Amino acid sequence: MAPTFRAGDRLLVRSGGRAIRPGDVVVVAAMNGRPEIVKRVYSMGPNPTRPDNPVDVRGDNPEHSTDSRTFGSIPRSSIVGRVVRRY
Amino acid sequence: MINTVLRFIDRFSAPTVVAAHCDLPCGVYDPAQARIEAESVKGCMEKYAASDDHDFQGRAIAIKEERAEMVKHHLWVLWTDYFKPEHTEAHPNLHDLFWKATKLAGQAKKTTDVAVADELLGAIAEIDTIFWETKK
């Protein structure tokens with residue numbers, strides 16, 4: 001997620017709160033052998049409140065990011081929360 | 001202020017670690033990739049020497065240079081992505097070794113001298129030894 005975040009940064013993540021929207025930085029739950037990851041929401045399906053709404057997530061450092069370009073969209077329900085602060 | 005409080009809380013409740021550019025698909029490293037390309041470089045040199053067909057020789061040179069570039073690429077990936085500061089502490093010659101190996105890959109582009117390819121293979125073998133030591 002360079003240049004936004006660097007390894008070792010501490011992030012405050014909020015689950016719940018307002019609906020996720022494109023541009024938000026989110027934590028995505030581990031799945032399919034992938035660890036828990038932090039990515040930015042790139043685009044979303046038409047039903048933001050549905051758990052199965054597809055969300056396309058991308059890294060801020062595209063050349064070195066494994067994201068929806070590789071593993072496809074993720075269901076909204078796999079988003080753990082939104083990054084609200086770095087400390 | 002809030003940051004101080006958050007850091008204080010972290011002392012009692014450690015934060016979860018999440019990955020940012022999950023290295024998962026790229027977590028597989030092996031100097032064999034560089035070695036195989038270097039063997040191709042050597043093979044092209046030998047084919048070049050054994051042929052008297054100008055067109056074939058031209059191809060052999062072109063492919064040799066392409067493969068030599070791949071050697072550099074794979075070495076760079078190992079050097080910059082796989083090896084960590086603690087590895088260079090344990091193996092202080094690591095940087096020199098990569099410098100030497102990538103230089104040899106560059107030289108292999110300019111020559112059809114098999115000895116250069118052998119030197120290159122030797123340098124990769126040294127890196128390979130260190131690599132597998134770090135895996136123990």
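Brief remarks on what is shown
- Accessible area of the protein assembly as shown belonging to carbon and sulfur atoms, whole % at 1.4 Å probe: 53 percent
- Global form of region B:49-136, assessed from the alpha-carbon gyration tensor, a/c cut-off 1.5: prolate
- Cut-off under 5 Å, modelled amide H: who pairs with A:Val57 long-range: A:Tyr42, A:Ser68, A:Ile74
- Total buried accessible area between A and B, probe 1.4 Å, nearest 100: 1500 Å².
- For the protein assembly as shown: span of alpha carbons on each principal axis (Å, largest first): 73, 43, 27
- Computed over region B:1-117, Cα set: Rg, Dmax in Å: 22.1, 77
- Counting only other chain Cβ atoms within 10 Å of each residue's Cβ, the peptide A:4-17 averages 2.
- The residues of region A:43-87 occluded by other protein chains by 30 Å² or more of accessible area, set against the chain on its own, are A:His64, A:Thr66, A:Arg85, A:Tyr87; surface from heavy atoms, 1.4 Å probe.
- In this label model, A:Met31 and B:Asp96 are separated by 5.1 nm, measuring between points 7 Å along each Cα→Cβ vector.
- Size of electric dipole in chain B: Cβ of Lys, Arg +1 and of Asp, Glu -1, about Cα centre, debye, nearest 20: 480 debye
- Å² of accessible area per residue within the protein assembly as shown, as computed with a 1.4 Å probe and no ligands counted: 59 Å²
- Calculated from backbone phi, Karplus (6.51, -1.76, 1.60) coupling profile of region B:122-136 in Hz, x at Gly/Pro: x, 5, 5, 4, 5, 4, 4, 4, 5, 3, 6, 5, 6, 8, 5
- The stretch between B:Thr80 and B:Val28, if pulled fully straight at 0.36 nm per residue, gains 17.3 nm over its current Cα-Cα span.
- Cross-linked pairs B:Lys64/B:Lys135; B:Lys84/B:Lys109; B:Lys72/B:Lys135; B:Lys64/B:Lys103: Cα-Cα separations exceed 25 Å for B:Lys64/B:Lys135; B:Lys84/B:Lys109.
- Candidates per trypsin sites (Lys or Arg not before Pro) in chain A, loop by DSSP, up to 13 other Cβ within 10 Å: A:Arg6, A:Arg10, A:Arg18
The values are calculated or read from the model by the stated rules, or taken from the named source; none is laboratory data. Since this is a predicted model, take the numbers as computed values, not measurements. We place every Cβ from the backbone using ideal geometry, glycine too, and count neighbours over all the protein chains shown. What goes into the accessible areas is simple: the full protein's heavy atoms, side chains included, and nothing from ligands, DNA or RNA. Shrake-Rupley method; radii C 1.70, N 1.55, O 1.52, S 1.80 Å.
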